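*Asks:* Below is the structure I would like to discuss, written out as structure tokens.
The values are calculated or read from the model by the stated rules, or taken from the named source; none is laboratory data. This structure is a prediction, so every number in the text was calculated from the model and none was measured. So basically every Cβ, Gly included, is an ideal-geometry build from the backbone, and we count neighbours across all protein chains shown.
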There are 2 protein chains.
Amino acid sequence: MRVPVVLAAVVFLTFTAGLLIAAEDPVMKEAQSTFVPIPLTPPPVKGVTATPALVELGKALYFDPRLSQSHNISCNTCHQIGLGGVDMLPTSIGHKWQHGARNSPTVLNSIFNIAQFWDGRAADLAAQAGGPIQNPVEMATTHQHAIEMLKGIPGYEKLFKAAFPSQTDPITIGNVEDAIAAFEATLITPNAPFDKFLRGDENALTSEQREGLQLFMSKGCSTCHSGINVGGQMYAPFGVVEKPGAELLPQNDKGRFDVTKTASDEYVFRVPPLRNVELTPPYFHSGKAWDLRQAVAVMGNSQLGEKLTDSEITKITAFLRSLTGDQPKVTYPILPPSDASTPPPEP
Amino acid sequence: MRVPVVLAAVVFLTFTAGLLIAAEDPVMKEAQSTFVPIPLTPPPVKGVTATPALVELGKALYFDPRLSQSHNISCNTCHQIGLGGVDMLPTSIGHKWQHGARNSPTVLNSIFNIAQFWDGRAADLAAQAGGPIQNPVEMATTHQHAIEMLKGIPGYEKLFKAAFPSQTDPITIGNVEDAIAAFEATLITPNAPFDKFLRGDENALTSEQREGLQLFMSKGCSTCHSGINVGGQMYAPFGVVEKPGAELLPQNDKGRFDVTKTASDEYVFRVPPLRNVELTPPYFHSGKAWDLRQAVAVMGNSQLGEKLTDSEITKITAFLRSLTGDQPKVTYPILPPSDASTPPPEP
């Protein structure tokens, strides 16, 4: 009878590791119909075959400050792997110490968002990756110069050839974007207590977190903050019921309106994903709230028209802390050196 | 006869891995009397017991931009692990985009230098680590504020307690410096072809590199560039024989004179270590030479009074490339998050 026992154990382990268990518990059942656990392995990236060589190239580019005009700012400057995928600043500091207009969104789990940037102006990670490189207040170069620069660093040719073996001239901005996207897609954070709960482990949440989850669903937070990223799946106005003050919602930033030029998109933003939210202060697109409790209270007022009690805020905040998953283990890439043929920085 | 054979093999491997073999080859013999291979494991740090917890804390601090006033600049900003331990800029960009006065020296193998900074004003790595934190053109905070900040990040207390288990109030600037030094001491780059040669492997250098090494010793380069770091062991004037032009040696930077106030120290600098030199352009304290060949030629003129031929420069440069060792494998540290109790950045 040895084999069937082993087989049953394998089936059971497969189930608990990767799949949802049909829940009896009504809170778990509602959660399972509203949210999706982060998978244990990176998802495929549309249009890209994420070979190890492509991911390695993407990682090198992600950490390479020479993609900026000054050679001083990399993707990791504003989306730091060790800081929840953000820079923990209200708004990022870019070329010549200019400040960006909005709080830097996290790169972690960004593959699961419906679109990228606070206003959703990039359809996917590859489209996003090219943006900051040529944004004058961020990395402040041009795609053309970035490519000249990469072609001027002798060691990159080998990395691009390995990542795009069928191409004769693979150092292109499209390939840069695809490689960065392929690396970013690996930056997922599975195994949060909430993921374990979604997969059927009733003991994964503390009782306070579980009550917070109940409130999160019953009060209506999960109407917008749903799906795999507990957000990041739709657009909503900041201030559905009541507009917050200008310190949190500056009047000159009309959000998605600037993309669509549609009046109903004024002050509309992509609903921020809440995965690892305890690691990503300060909050809101303005980056003005350092306190997660304050952010929860503001959301209650502005989005739900509800003044949450201290106890409710405590419980919801506890639930939000259950969204912190395993942080990525990234070995710092060794970048090919500049030499006399590399276009010098323009600081 | 099994045991003696195994024993002999063990003895042989121990020898070739860690010790020098007495050379017959005269070039190898001279090299072994002038240089020292990088050890295979990190050396001890004076006054510090480098436990894993201490090194982990030091790594977190090394990568934490919140040690700067703006929360935007970390040790790794100017001494990047993936860029040969430097930033590949002529001079670093610091607080509010100010430029430092001198080219950023590499952190790699810096534990082996006689003293730190171009002018040797810090006796060791711990003394160095505190400098940039409070330098107004670099991280631009104060030691006092840096400590308030670390105390305001809840997750750091546990890391400091683990690193300094016998202390009741371990978050101090002295401990910050010791922890960073303990991490930096792990950033060594063993197994360069030249190290293998020094350990007795006659085939470790190409014939061009070997000829370059011969020239490096016979022309007199190794009079200053000697020891374990092929430099970093003494001080010398830039321009022993002939002062280079102001584009390489700006007149307003008098080097070690500013530390000792001794007339003979005008334009004296710590001889730069040449380990991994191909990875650390641009060259000189002014960071004005991007071409390693140019740097070699300038050194010939200014330090030796000798116009090196193209062929000599090619060979010496080839030898210098044999100084590139195994680059550090560093897993990016996950830093504890800021929260409402953390002093906010002052950008």
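*Asks:* Out of segment B:29-50, which residues are at pLDDT 95 or above and aliphatic (A, V, I, L, M)?
*Replies:* B:ALA31, B:VAL36, B:ILE38, B:LEU40
*Asks:* What tally of residues in segment A:61-87 results from selecting those that are crowded, with 22+ Cβ neighbours inside 10 Å and part of a loop (DSSP other than H, G, I, E, B)?
*Replies:* Summing the residues that are crowded, with 22+ Cβ neighbours inside 10 Å and part of a loop (DSSP other than H, G, I, E, B) in segment A:61-87 gives 16.
*Asks:* Would you confirm whether or not segment A:229-248 contains a residue that is out of contact with any Gly (no Cβ under 9 Å at 6 or more places or on another chain), polar (S, T, N, Q), surrounded by 19 or more Cβ atoms within 10 Å (Cβ to Cβ) and part of a helix (DSSP H, G or I)?
*Replies:* No, that holds for no residue.
*Asks:* Also: Please state which one of A:PRO347, A:PRO272 is within 9 Å of chain B (Cβ to nearest Cβ), in contact (Cβ under 8 Å) with a residue 24 or more places away in the chain and not charged (D, E, K, R).
*Replies:* The unique qualifying residue is A:PRO347.
*Asks:* Look through A:SER33, A:SER92, A:SER70 and report the one residue that is over 20 Å from the mean Cα position of the chain (by Cα), among the polar types (S, T, N, Q) and within 11 Å of chain B (Cβ to nearest Cβ).
*Replies:* Step by step, each of A:SER33, A:SER92, A:SER70 is checked, and only A:SER70 is over 20 Å from the mean Cα position of the chain (by Cα), among the polar types (S, T, N, Q) and within 11 Å of chain B (Cβ to nearest Cβ).
*Asks:* Taking segment A:111-130 as the search range and keeping residues that are assigned to a loop (DSSP other than H, G, I, E, B) and either within 10 Å of the chain's Cα centre (by Cα) or within 14 Å of another protein chain (Cβ to nearest Cβ) (or both), which one is nearest to A:THR141 (Cα to Cα)?
*Replies:* Checking each candidate, the answer is A:PHE117.
*Asks:* Would segment B:172-192 turn up any residue that is of a type in the set (D, E, K, R), in contact (Cβ under 8 Å) with a residue 12 or more places away in the chain and in contact with a Pro (Cβ under 8 Å, 6 or more places away or on another chain)?
*Replies:* no
*Asks:* Among the residues in segment A:187-199, are any hydrophobic (A, V, I, L, M, F, W, C), in the same structural domain as A:SER311 (by the TED database), assigned to a helix (DSSP H, G or I) and within 28 Å of A:ASP87 (Cα to Cα)?
*Replies:* yes
*Asks:* Please go through segment B:288-300 and give me each residue that is of a type outside the set (A, V, I, L, M, F, W, C) and either buried (at least 23 other Cβ atoms within 10 Å of the Cβ) or part of a helix (DSSP H, G or I) (or both), ordered by number.
*Replies:* B:ARG293, B:GLN294, B:GLY300
*Asks:* I've got another one for you. Name the residues in segment A:301-336 that are among the acidic types (Asp, Glu) and either within 14 Å of another protein chain (Cβ to nearest Cβ) or part of a helix (DSSP H, G or I) (or both), would you?
*Replies:* Within segment A:301-336, A:ASP310, A:GLU312, A:ASP326 meet the criteria.
*Asks:* Would you be able to say whether some residue in segment B:282-290 is of a type outside the set (D, E, K, R) and either facing chain A (nearest Cβ under 7 Å) or touching a Cys at 6+ places or on another chain (Cβ under 6 Å) (or both)?
*Replies:* yes
Results for (1) in the same structural domain as B:PHE112 (by the TED database); (2) under 22 Å from the mean Cα position of the chain (by Cα), shown as yes or no for each residue.
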site: B:ALA163; (1), (2): yes, no
site: B:THR172; (1), (2): yes, no
site: B:ASN203; (1), (2): no, no
site: B:GLY212; (1), (2): no, no
site: B:PHE216; (1), (2): no, yes
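*Asks:* Here is a further query. Return only the number of the condition from (1) out of contact with any strand residue (DSSP E or B) (no Cβ under 7 Å at 6 or more places or on another chain); (2) modelled with pLDDT of 95 or more; (3) farther than 17 Å from A:GLN303 by Cα that A:VAL259 does not satisfy.
*Replies:* It is condition (2) that A:VAL259 fails.
*Asks:* Exactly one condition in (1) at the interface with chain B (Cβ under 8 Å from one of its Cβ atoms); (2) under 16 Å from B:ASN72 (Cβ atoms) is false for A:CYS75; which is it?
*Replies:* Unmet for A:CYS75, out of (1) at the interface with chain B (Cβ under 8 Å from one of its Cβ atoms); (2) under 16 Å from B:ASN72 (Cβ atoms): (1).
*Asks:* Here are the criteria: (1) touching a Phe, Trp or Tyr at 6+ places or on another chain (Cβ under 7 Å); (2) more than 9 Å from chain B (Cβ to nearest Cβ); (3) under 25 Å from B:TYR332 (Cα atoms). Tell me which single one A:PRO52 does not satisfy.
*Replies:* Every condition holds for A:PRO52 apart from (1).
*Asks:* Shifting gears a bit: From the list A:GLU278, A:GLU266, A:GLU312, A:GLU306, exactly one residue is crowded, with 17+ Cβ neighbours inside 10 Å and among the charged types (D, E, K, R). Which is it?
*Replies:* Residue meeting the stated conditions: A:GLU312.
*Asks:* Quick check on this structure: which one of A:GLN303, A:GLN294, A:GLN327 is within 25 Å of the chain's Cα centre (by Cα) and under 25 Å from A:THR41 (Cβ atoms)?
*Replies:* A:GLN327
*Asks:* Let me ask something else about it. Return the residue satisfying two criteria in turn: it lies in segment B:95-106 and is surrounded by fewer than 24 Cβ atoms within 10 Å (Cβ to Cβ) and more than 8 Å from chain A (Cβ to nearest Cβ), and of such residues it is nearest to the chain's Cα centre (by Cα).
*Replies:* Only one residue fits best here, namely B:PRO105.
*Asks:* Right, something else. Is at least one residue of segment B:66-74 at pLDDT 95 or above and closer than 21 Å to B:ASP124 by Cβ?
*Replies:* There is at least one residue in segment B:66-74 that is at pLDDT 95 or above and closer than 21 Å to B:ASP124 by Cβ.
*Asks:* In segment B:40-60, which residues are farther than 21 Å from B:GLU202 by Cβ and part of a loop (DSSP other than H, G, I, E, B)?
*Replies:* The answer is B:THR41, B:PRO42, B:PRO43, B:PRO44, B:VAL45, B:LYS46, B:GLY47, B:VAL48, B:THR49, B:ALA50, B:THR51.
*Asks:* Here's a follow-up. What do you reckon, is B:PHE197 modelled with pLDDT under 95 and not acidic (Asp, Glu)?
*Replies:* Answer is no for this residue.
*Asks:* A further question follows. Kindly check whether there is at least one residue in segment B:88-110 that is assigned to a loop (DSSP other than H, G, I, E, B) and more than 24 Å from B:ARG256 (Cα to Cα).
*Replies:* No, segment B:88-110 has no match at all.
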